[in-house]
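*Asks:* Here's a structure for you.
Read the figures in this text as sums done on the coordinates, not as results from a lab. Everything numeric here is computed off the predicted structure, so don't read it as measured data. All Cβ positions, even for glycine, are placed from backbone atoms using ideal geometry, and neighbour counts span all protein chains on display.
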Amino acid sequence: MPMLGLSRGDRVISFGCAEGRLELALARRGVSIIGVDIVRRYIDFANDWADRHRLPARFVYEDMRTCRVPSPGGFDAALYFETLGLIPFDDDVRVLSTLRETVKTGGAIAVDVAEPPTSEETSRSSREMPDGDLILESSFQADRKLQHIDVKFHPKNSDDEIVLRETQTDEWEDHTGIYRHVYSDDDVIAIGERAGIVLRKVESLRSGMRMFLGFKVG
Ligand SMILES: C[S@@+](CC[C@H](N)C(=O)[O-])C[C@H]1O[C@@H](n2cnc3c(N)ncnc32)[C@H](O)[C@@H]1O
């Protein structure tokens, strides 16, 4: 909260909020939240959690690329966390412009982006769950600056791996898993610039991530 200059009663909007972990944590500290995501089950989960804990948070099932600005200038801060690069460059510019419109003058726009992969090799990691292993398989095509992540599940007592699909954009509809454009720091700053936001890199709040912060002027 201090990094974004937030206090109790302030309003925050978050695009690509998924199941709203960060947003619900802010709501527990008295910040009023609007979250937007394109996966309905995330939105249902987040709203259910907010209702059960009587938190000041509302989550909306919408495509952030066509999302109408709820109360332009009415928010104290906007979050775009781990979502940049999941859509084409020009769409990211448009989405950040929309977020810029939502915040009041002086309001913060925070963008966090995963660290770029260090090699072209496919990496595979797994996490043990009660009824099997959740597997993350990532491959990086350096020439295209594109990372492909497959999320799979290996149930106990089975040799099969099930590919879990995440709904993303129509652009890559023929693929399983997630595609992500891998952007350098300069790329992120250039996207911000195109959207009218001067982003600067600040200390990241999460390991493996880079954090950029800008403020609406005028
Ligand atoms: C990696 S998650 C980020 C989750 C969360 N913000 C965080 O930092 O932990 C990216 C999210 O962006 C959402 N997303 C991707 N394309 C979207 C779109 N066009 N409109 C709204 N949400 C979208 C995905 O559904 C996913 O929940």
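*Asks:* Hey, with R₀ at 35 Å, roughly what FRET efficiency would Val198 and Asp63 work out to, going by the Cβ-Cβ distance, to 0.05?
*Replies:* Efficiency for this residue pair is about 0.85.
*Asks:* Sort largest first and round to whole Å: the equivalent ellipsoid semi-axes of the chain, each the square root of five times a Cα gyration tensor eigenvalue.
*Replies:* Semi-axes, largest first: 29, 22, 15 Å.
*Asks:* With angles folded into 0 to 90 degrees, how steeply does helix 40-52 sit against the dominant principal axis of the chain? Use alpha carbons for both and round to 10.
*Replies:* For 40-52 against the chain, the angle is about 60 degrees.
*Asks:* Given DSSP loops and a limit of at most 10 other Cβ atoms within 10 Å, what is the longest stretch of the chain that contains no such GluC sites (Glu not before Pro)?
*Replies:* Within the chain, the longest run free of exposed GluC sites (Glu not before Pro) spans 1-119.
*Asks:* How big is region 1-55 on each of its three principal axes, counting only the C-alpha atoms and giving the largest first in Å?
*Replies:* 31, 22, 13
*Asks:* How many percent of DSSP beta bridges within the chain run antiparallel, rounded to 5?
*Replies:* Here the share of antiparallel DSSP bridges comes out near 65 percent.
*Asks:* Same structure again: Calculated FRET efficiency, Leu134 and Ser207, Cβ-Cβ r, R0 25 Å, to nearest 0.05? Display every interim value, and only then the final one.
*Replies:* Values: r = 19 Å, r/R0 = 0.77.
The value I calculate is 0.85.
*Asks:* Here is a follow-up. Rounded to whole Hz and in sequence order, give me ³J(HN,Hα) for region 68-84 from the Karplus expression 6.51 cos²θ - 1.76 cosθ + 1.60, θ = phi - 60°, writing x for Gly and Pro.
*Replies:* Ordered by residue, 3J(HN,Hα) equals 6, 6, x, 6, x, x, x, 10, 8, 7, 10, 10, 9, 9, 6, 10, 4 Hz.
*Asks:* Using Cα pairs closer than 8 Å and at least 6 residues apart in sequence, work out the relative contact order for the chain, in percent.
*Replies:* Averaging sequence separation for qualifying contacts and normalising by length gives 17 percent for the chain.
*Asks:* Taking region 52-101, which trypsin sites (Lys or Arg not before Pro) meet the DSSP loop condition and have no more than 12 other C-beta atoms within 10 Å?
*Replies:* For trypsin sites (Lys or Arg not before Pro) across region 52-101 that sit outside H, G, I, E and B with at most 12 neighbouring Cβ atoms in 10 Å, the list reads Arg54, Arg68.
*Asks:* Could you name the lysines in cross-link range of Lys152, using Cα to Cα under 16 Å and dropping any fewer than eight places away on the same chain?
*Replies:* Result set, ordered by chain and number: empty.
*Asks:* Under a 5 Å amide H to amide H cut-off, with H placed in plane at 1.01 Å, what residues pair with Thr83 once short-range neighbours are removed?
*Replies:* Residues meeting the criterion, in which the H sits 1.01 Å from N, are Asp112.
*Asks:* Next up: Amide H of Ile33 versus every other amide H placed in the peptide plane: which residues, excluding those fewer than 5 positions away on the same chain, fall under 5 Å?
*Replies:* Excluding prolines and chain starts, which carry no amide H, the hits are Val12, Ala57, Arg58.
*Asks:* Along region 131-147, what does the Karplus equation 6.51 cos²θ - 1.76 cosθ + 1.60 (θ = phi - 60°) give for ³J(HN,Hα), rounded to whole Hz, x for Gly and Pro?
*Replies:* With the stated coefficients, region 131-147 comes to 10, x, 10, 8, 10, 10, 10, 10, 10, 10, 9, 4, 5, 9, 6, 10, 10 Hz.
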